[in-house]
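First comes the structure, then the notes that go with it.
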Amino acid sequence: MEITITKSDFEQALPVGAAANDSVFESVKPAIARQLSFSNDALLGVAGMQRMEELGEGSTLVNWYKQLVCLSAFLSVLRQLDLVLTPTGFGVVSNDNLAPASKQRVDALEGELRTQYHKTLAMTLNLLRSENWGATEQARHFIDHLYDEYTFFFVTHQNASATDWDGYQRTIEDADEILRTKMGDRQMDDILDAFRRGDPNRLEPYREMMSLIVKFTDTCASCLPALKQPVYRRLMRILDSDDNKETFKLYRESIAYKVRHYEPYQNSKDSAGYVFNG
């Protein structure tokens, strides 16, 4: 589908962008065109465009995507615009009688819009999760951990800022690496693949594990030793339970499982390396 972003779309995405004239929108319009072209390729790809086509104009996904493009475009040119800020919005300086907004006010606006950008991206990605898009390189790039932006901004840290999200990246990566050493890359990647595809049949057996991974990640953000906390012990019990051997088959085939369940050599007569001690 061909996506067109109007002044109305822009003002809905950035309510502070509403102005008595078209000055702001016209100033940002070239950046919107560039960002729309880039996002269509880098974020949506063919599968994402097909999903938007299926849902149609006016759908929740299309509306969030338009907001995302507007926010991204505006942020890309924010520092280049001579903005004048008012209690009800902002505009572009158009004559000598208007002074550009102070750096402090522009900084505050940028911080607010960056937070809104990440929340909008989180919603867009969550709505894109589907069988075809979830199998793409775009999905693997934008959803590279189970603890994603949607989880952070809409589940665990609802009042967080873009700065908070940036600061949480190390925690997410560390927690992911720890769990990969415990369950193996193939098992974690399979859970992640099911998550990207939004496949309810594949996701259902993983629901509890995914919840524990989120809780474990938050534990890693604290000063507590994560591997000594109940959430980690619960997570490993689920992995090791014989009741779940089919669900976590990839874990049982991994080196991580063999290391965890290593059995010392028993010197018996049936062993090929049996040693007779007289």
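The values are calculated or read from the model by the stated rules, or taken from the named source; none is laboratory data. None of the values given here were measured: they were computed from a predicted structure. Quick reminder, even Gly has a Cβ in these numbers, built from the backbone with ideal geometry, and neighbours come from all protein chains shown. Quick note on the areas: whole protein, heavy atoms, side chains included, nothing else; ligands and nucleic acids left out. Shrake-Rupley method; radii C 1.70, N 1.55, O 1.52, S 1.80 Å.
Once fully extended, how much extra length lies between Arg105 and Leu78, figured as 0.36 nm per residue of separation less the alpha-carbon to alpha-carbon distance?
Values: separation 27, 0.36 × 27 = 9.72 nm, distance 1.21 nm.
Difference between extended and current length: 8.5 nm.
The candidates Tyr262, Tyr232, Tyr257, Tyr150, arranged from most to least accessible area with a 1.4 Å probe in the full protein assembly, appear as Tyr262, Tyr150, Tyr257, Tyr232. With a 1.4 Å probe and all protein chains left in place, how much of the accessible area of the stretch 136-212 comes from carbon and sulfur atoms, in whole percent? Carbon with sulfur: 43 percent of the solvent-accessible area. Simple spin-label estimate for Asp166 and His261 gives 4.5 nm between the two label positions (7 Å along the Cα-to-Cβ direction from each Cα).
Within the same chain, lysines fewer than 8 places from Lys29 are excluded, and of the rest, those with a Cα less than 30 Å from its Cα are Lys7, Lys66, Lys103, Lys119.
Between Met236 and Glu137, take the C-beta separation as r, use R0 = 22 Å, and let me know the FRET efficiency to the nearest 0.05. Spell out each step's value before the answer.
Numbers: r = 32 Å, r/R0 = 1.46.
My answer for the efficiency is 0.10.
Looking at the stretch 158-246, the trypsin sites (Lys or Arg not before Pro) that sit in a DSSP loop and have at most 12 other Cβ atoms within 10 Å of their own Cβ are Lys245. Within the straight-line cut-off of under 30 Å between alpha carbons, the lysines reachable from Lys258 are Lys182, Lys215, Lys228, Lys245, Lys249, Lys269, sequence neighbours fewer than 8 places apart in one chain being disregarded.
Spin-label pair Ser8-Arg34: with each label point 7 Å from Cα along the Cα-Cβ axis, the two points sit 2.8 nm from one another. Take every Cα-Cα pair in the stretch 171-232 and report what % of them are more than 18 Å apart. Counting pairs separated by more than 18 Å, the tail of P(r) holds 35 percent.
Take the Cα pairs of the stretch 1-82, get the Kirkwood Rh, then feed it into Stokes-Einstein at 25 °C and 0.890 mPa s and tell me D in µm²/s. Please list the in-between numbers first.
Working: Rh = 13.0 Å.
Stokes-Einstein gives a translational diffusion coefficient of 188 µm²/s.
Mean projection of the Cα convex hull over all viewing directions, computed for the stretch 154-270: 9.5 nm².
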